[in-house]
1. List the pairs whose first member sits in the stretch 182-195 and is closer than 16 Å to M148 by Cβ, whose second member is modelled with pLDDT of 75 or more, and whose Cβ atoms are under 7 Å apart, counting only residues at least 6 apart or on separate chains?
2. Which residues, counting only those in the stretch 33-61, are closer than 30 Å to N81 by Cβ and not aromatic (F, W, Y)?
3. Kindly establish whether K131 is without any contact (Cβ under 8 Å) to a residue 60 or more places away in the chain, assigned to a helix (DSSP H, G or I) and farther than 30 Å from D185 by Cα.
4. Could you give me the residue pairs with C-beta distances under 8 Å whose first residue belongs to the stretch 40-63 and is in contact (Cβ under 8 Å) with a residue 60 or more places away in the chain and over 14 Å from V89 (Cβ atoms), whose second residue is among the charged types (D, E, K, R) and part of a helix (DSSP H, G or I) wherever it lies, and which are 6+ apart or on separate chains?
5. Condition (residue is surrounded by 14 or more Cβ atoms within 10 Å (Cβ to Cβ), touching a helix residue (DSSP H, G or I) at 6+ places or on another chain (Cβ under 6 Å) and closer than 21 Å to P146 by Cα) applied to the stretch 88-103: is it met by at least one residue?
6. Being loosely packed, with under 12 Cβ neighbours inside 10 Å and in a helix (DSSP H, G or I) is the filter here; which residues of the stretch 156-179 pass it?
7. Determine, yes or no, whether A99 is of a type outside the set (S, T, N, Q) and at negative phi.
8. Counting only residues that are in contact with a strand residue (DSSP E or B) (Cβ under 6 Å, 6 or more places away or on another chain) and closer than 11 Å to L108 by Cβ, which one in the stretch 132-148 is surrounded by the most Cβ atoms within 10 Å (Cβ to Cβ)?
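The values are calculated or read from the model by the stated rules, or taken from the named source; none is laboratory data. Note that the structure is predicted; figures quoted are calculated from it, not measured. Every residue, glycine as well, gets a Cβ built from its backbone with ideal geometry; the counts of neighbours run over all protein chains shown.
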Amino acid sequence: MEFSSKLLENAVNEISQLPGIGKRTALRLALHLLRQPKQHTHNLSHALLNMVNDLKFCTSCHNISDNDLCDICANPLRKDNVICVVEDVRDVMAIENTASHKGLYHVLGGKISPMDGIGPHDLNINSLVQKVQAGQVKELIFALSPTMEGDTTNFYIYKQIKDFEVQTSTIARGISVGDELEYADEITLGRSIINRIPFESSLKL
């Protein structure tokens, strides 16, 4: 791709480093910014700089935050003895959008994956175990993706805390609403049959 401006080329190269954005899309975005009032681009650059320089991670749950303690952990209306264990901050946002979880979270920062060189000590597991050991937790909800890595991580954490008085649960796994059974994989379909619920209960969902 030939550029008539080195400044434009540099901007395109940087934008194209973002996931899912190729050189053509990066060029389209760069040209779009050039057509906007300069203040719009300045606002964007300031927002990105502020995010990179000032964003923090909650000292309790490791969620992204503007302060040392995130708004969720600082909310006195949340159940602080029920913790939902998730992989990353996107999972927190997804669950919060359901308005179904009234407790706190614990962001691991990934999943155990030996193939990728990620072990237990690379994740925020020790701080979670310490909360359980201190008697701060009544229930842990494992909300990791239903993959081999997710199940491995769940099991590792379970082994660390199984001798303490804490209830453990995992999110239900089954057929998504609107899915056709013929397209479901055998493991998901099998789990849906095994973990079936009374029909009367389904009427309340």
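1. Cβ pairs passing all conditions: T188/R173; T188/G174; R191/R173; R191/G174.
2. L55, K56, C58, T59, S60, C61
3. Details: without any contact (Cβ under 8 Å) to a residue 60 or more places away in the chain: yes; assigned to a helix (DSSP H, G or I): yes; farther than 30 Å from D185 by Cα: yes.
Taking the combined requirement at face value, the residue satisfies it.
4. Filtered contacts from the stretch 40-63: no entries.
5. yes
6. The one that is loosely packed, with under 12 Cβ neighbours inside 10 Å and in a helix (DSSP H, G or I): K159.
7. Taking the combined requirement at face value, the residue does not satisfy it.
8. A143
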